[in-house]
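Student: Quick one: the structure is below, and I'll ask about it shortly.
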Amino acid sequence: MEQYIEKDGKRLRLGYTTGSCAAAAAKAAAWMLLTGRRKETITLDTPKGIRLELAVREITMRADSVSCAIEKDSGDDPDVTKGTLIFASVRRTDEPGVHIDGGEGVGRVTKRGLDQPVGNAAINSVPRQMIRENVEEVMALTDSSGGLDVVISAPEGETLAKKTFNPRLGIVGGISILGTTGIVEPMSEAALVETIRVELRQRRAMGKEYALLTPGNYGSDFIRQNLDVDLNTAVQVSNFLGDALDICRALGFRGALLVGHVGKLVKTAGGMMNTHSKYGDCRMEIIASHSAALGLRAERTEEILHCATCDDALRILDEEGLKDAFLVRLGQRIGTMLGYKSGELQSGAILFSKEYGFLCETEGAEELLEQIREG
């Protein structure tokens with residue numbers, strides 16, 4: 001792939017996701033199966049709107065099935081799956097429709113709360129949609145009847161998965177097939193922090209004294225739907241919560257309110273001010289330790305330590321009648337840790353989850369929200 005972006009004054013090459021690889025391999029295999037002709041390259045339109053022209057590798061054509069692969073290219077972004085082959089095997093079936101599953105080296109979900117239900121292959125929703133739509137396109141072009149079984153595999157996946165958080169999340173046996181845009185954009189942390197600085201400087205120049213911060217799209221959706229605040233006032237800070245608070249203090253803001261999903265903000269209760277998983281994942285340890293302090297039984301505390309998501313841990317606390325007490329305690333602890341970080345800057349947080357909605361807030365969060373509403 002020869003498309004680039006500029007970050008930190010550097011020209012960085014874009015790549016494409018495992019989801020794009022799987023969809024392209026499935027499309028090529030379906031075309032070869034239904035036409036009987038080899039195909040050495042395949043085009044794929046990604047959700048980002050970028051069209052890929054990809055080389056088809058490792059082609060095996062049989063009477064009733066075709067298998068082929070696409071090589072993962074993450075561009076200039078460091079990625080453990082870079083260079084691995086993502087295979088698709090497509091076989092005819094009498095059952096109508098496109099049926100998708102994972103094979104060798106693709107993980108399988110064993111814990112609740114992830115993108116796919118327990119028992120499914122770890123092929124996320126957007127890649128599944130991409131696979132289905134591209135195979136259906138080939139079926140329509142070839143006027144094919146019946147259905148097709150599509151199995152996605154990654155022979156190196158089980159080894160590669162040991163370098164990821166998949167085992168901890170309860171995804172066993174291989175990698176996940178991921179990607180929401182189909183394209184990998186190399187990340188430059190310095191460039192992202194500078195973007196946050198520019199946005200906050202603009203807010204300050206407009207006379208704003210209180211900043212509304214959110215990690216990303218989940219937080220933006222919650223703000224729009226629940227907080228009666230103009231979404232344009234919010235600044236997305238990704239994982240850089242600590243940097244954003246430092247910038248707010250340096251620019252002379254009087255206060256800053258963080259609004260985010262519990263999966264991100266729970267980490268701040270442990271003092272983590274950069275919430276990227278590469279710096280650690282203490283979510284379950286934090287929840288388990290505070291739950292145990294509230295008297296949660298040892299065997300249920302052990303269950304929490306093995307949960308894949310915060311919602312699943314909250315389910316256990318709800319069953320034990322401790323969810324509300326835990327959330328009060330969590331809000332207090334987050335408030336304390338934010339206070340250590342923000343110094344004279346007033347700071348607070350509002351936490352939510354997609355399953356439970358509003359969860360908790362720190363002391364003073366409502367006051368900060370009112371100041372933001374008043375502009």
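Student: Mind checking segment 1-75 for GluC sites (Glu not before Pro) that DSSP puts in a loop (not H, G, I, E or B) and that have at most 12 other Cβ atoms within 10 Å? Please report the intermediate quantities before stating the final value.
Tutor: Working: sites: 2, 6, 40, 53, 58, 71; in loops: 2, 40.
Passing sites in segment 1-75 are 2, 40.
Student: Relative to the longest principal Cα axis of the chain, at what angle does helix 365-374 sit, 0 to 90 degrees, rounded to 10?
Tutor: Helix 365-374 sits roughly 80 degrees off the main axis of the chain.
Student: Next question. Taking only the C-alpha atoms, wrap a convex hull around segment 226-375 and report its volume per residue in Å³ as a whole number. Intermediate values should be presented prior to the final figure.
Tutor: Numbers: hull volume 15.9 nm³, N = 150.
Spread over its residues, the Cα hull of segment 226-375 gives 106 Å³ apiece.
Student: Loop only per DSSP, at most 16 neighbouring Cβ atoms within 10 Å: give me the GluC sites (Glu not before Pro) in segment 344-375, ordered by residue number. Present the calculation step by step, with values, prior to reporting the outcome.
Tutor: Numbers: sites: 344, 355, 361, 363, 366, 367, 370, 374; in loops: 344, 355, 363.
The qualifying sites are 344, 355, 363.
Student: Please report the antiparallel percentage of DSSP beta bridges with both residues in the chain, rounded to the nearest 5.
Tutor: Numbers: 36 of 58 bridges.
Roughly 60 percent of the DSSP beta bridges within the chain come out antiparallel.
Student: Keeping every protein chain present and rolling a 1.4 Å probe, give me the accessible area per residue for segment 301-343 in Å². Numbers along the way, then the final one.
Tutor: On the way: 1850 Å² over 43 residues.
Normalised by residue count, the accessible surface of segment 301-343 is 43 Å².
Student: Hey, another quick one. Taking loop as defined by DSSP and a crowding limit of 12 other beta carbons within 10 Å, which trypsin sites (Lys or Arg not before Pro) in segment 122-202 fit?
Tutor: Numbers: sites: 128, 132, 162, 163, 168, 197, 201; in loops: 162, 163.
Those satisfying the criteria are 162, 163.
Student: Right, something else. Could you give the nm distance between label points at residue 10 and residue 354, where each point is 7 Å from its Cα heading toward the beta carbon?
Tutor: 3.2 nm
Student: Let me ask you something else. Which stretch or stretches of segment 113-133 have amide N atoms under 20 Å from the point lying 7 Å from residue 181's Cα along the Cα→Cβ direction?
Tutor: Within reach of a label on residue 181, which here means backbone N under 20 Å from a point 7 Å along Cα→Cβ, segment 113-133 contributes 124-131.
Student: Still on this structure, please answer the following. Can you compute the radius of gyration and Dmax for segment 239-286, using only the Cα atoms, both in Å?
Tutor: Cα radius of gyration and Dmax of segment 239-286 are 11.5, 35 Å respectively.
Student: Identify all aspartates and glutamates with a Cα-Cα distance to residue 10 below 20 Å; exclude those on the same chain that are fewer than 8 residues away in sequence.
Tutor: The reachable aspartates and glutamates, counting only those whose Cα sits under 20 Å from residue 10, are 2, 73, 76, 77, 79, 185, 189, 194.
Student: Roughly speaking, what is the stretch gain from residue 141 to residue 292, that is 0.36 nm per residue apart minus the C-alpha to C-alpha distance, in nm to one decimal?
Tutor: Going from the current span to full extension adds 48.4 nm.
Student: If the viscosity is 1.567 mPa s and the temperature 4 °C, what translational diffusion coefficient in µm²/s does Stokes-Einstein give for segment 58-159 when Rh comes from Kirkwood over Cα pairs?
Tutor: Working: Rh = 14.8 Å.
Translational diffusion coefficient: 87 µm²/s.
Student: Please find the FRET efficiency linking residue 281 to residue 111, where r is the Cβ-Cβ separation and R0 is fixed at 22 Å, and quote it to the nearest 0.05.
Tutor: Numbers: r = 14 Å, r/R0 = 0.63.
Given R0 = 22 Å and the Cβ-Cβ separation, E is 0.95.
Student: Go through 92, 62, 13 and list them by solvent-accessible area, largest first, probe radius 1.4 Å. Provide the component values of the computation, followed by the final result.
Tutor: Details: 92 125, 62 145, 13 40 Å².
My answer, sorted largest first, is 62, 92, 13.
Student: Quick one: of the DSSP bridges fully inside segment 202-281, what percent are antiparallel, nearest 5?
Tutor: Working: 1 of 8 bridges.
About 10 percent, rounded to the nearest 5.
Student: I'd like the accessible area for residue 372: 1.4 Å probe, protein heavy atoms, all chains in place, Å² to the nearest 10.
Tutor: 20 Å²
Student: Please compute the alpha carbon radius of gyration of segment 17-89, then divide it by the globular-protein estimate 2.2 N^0.38 Å. Two decimals is fine. If you can, show how the numbers build up before the last one.
Tutor: Details: Rg = 12.3 Å, N = 73, 2.2 N^0.38 = 11.2 Å.
For segment 17-89, the normalised Cα radius of gyration comes out at 1.09.
Student: Kindly express, to the nearest 10 degrees and within the range 0 to 90, the angle between helix 18-35's C-alpha long axis and the longest C-alpha principal axis of the chain.
Tutor: 20 degrees
Student: So, taking all protein chains as they sit and a 1.4 Å probe, how much accessible area belongs to residue 89, in Å² rounded to tens?
Tutor: 40 Å²
Student: Build a GNM of the chain with springs between Cα atoms under 10 Å: which of 25, 63, 154 gets the top mean-square fluctuation?
Tutor: 63
Student: Can I ask one more? On a 1.4 Å probe surface of the protein chains, which of 279, 4 comes out largest in accessible area, and what is the full order? Don't skip to the end; give the middle numbers.
Tutor: Numbers: 279 120, 4 80 Å².
Correct descending sequence by accessible area is 279, 4.
Student: For segment 321-375 and segment 221-257, what is the separation of their Cα centres, given in Å?
Tutor: 13 Å
Student: Diagonalise the Cα gyration tensor of the chain and give the resulting equivalent ellipsoid semi-axes, square root of 5 times each eigenvalue, largest first, whole Å.
Tutor: Numbers: eigenvalues 359, 128, 59 Å².
The three semi-axes for the chain are 42, 25, 17 Å.
Student: Calculated from DSSP H runs of 4 or more alone, at -39500 (n - 2.57) each and per residue, what is the 222 nm mean residue ellipticity of the chain, nearest 500?
Tutor: Values: 13 runs with 144 residues, N = 375.
Counting only the DSSP helices, I get -11500 deg cm²/dmol.
Student: Separate question: Per the 1.4 Å probe, what fraction of the accessible area of the chain, in percent, lies on carbon and sulfur atoms?
Tutor: Numbers: 7880 of 17090 Å².
Here carbon and sulfur together make up 46 percent of the probe-accessible area.
Student: Measure nothing but the geometry: give the 0 to 90° angle between the long axis through the Cα atoms of 217-226 and the longest principal axis through the Cα atoms of the chain, rounded to 10°.
Tutor: Roughly 60 degrees between the two axes.
Student: Test of understanding: what is the full-extension gain from residue 162 to residue 35, defined as 0.36 nm times their sequence separation minus their Cα-Cα distance? Before the final figure, lay out the partial values.
Tutor: Values: separation 127, 0.36 × 127 = 45.72 nm, distance 3.88 nm.
The residue 162-residue 35 span can extend by a further 41.8 nm.
Student: Moving on. For the chain, with a Gaussian network of springs between Cα atoms less than 10 Å apart, report the residue from 12, 227, 33 with the top mean-square fluctuation.
Tutor: Residue with maximal mean-square fluctuation among 12, 227, 33: 227.
The values are calculated or read from the model by the stated rules, or taken from the named source; none is laboratory data. Because the structure is predicted, anything quoted here is derived from the model rather than measured. Here Cβ is always computed from backbone atoms with ideal geometry, including for glycine, and neighbour counts include all displayed protein chains. Surface accessibility is based on the protein's heavy atoms, side chains included, excluding ligands, DNA and RNA. Shrake-Rupley method; radii C 1.70, N 1.55, O 1.52, S 1.80 Å.
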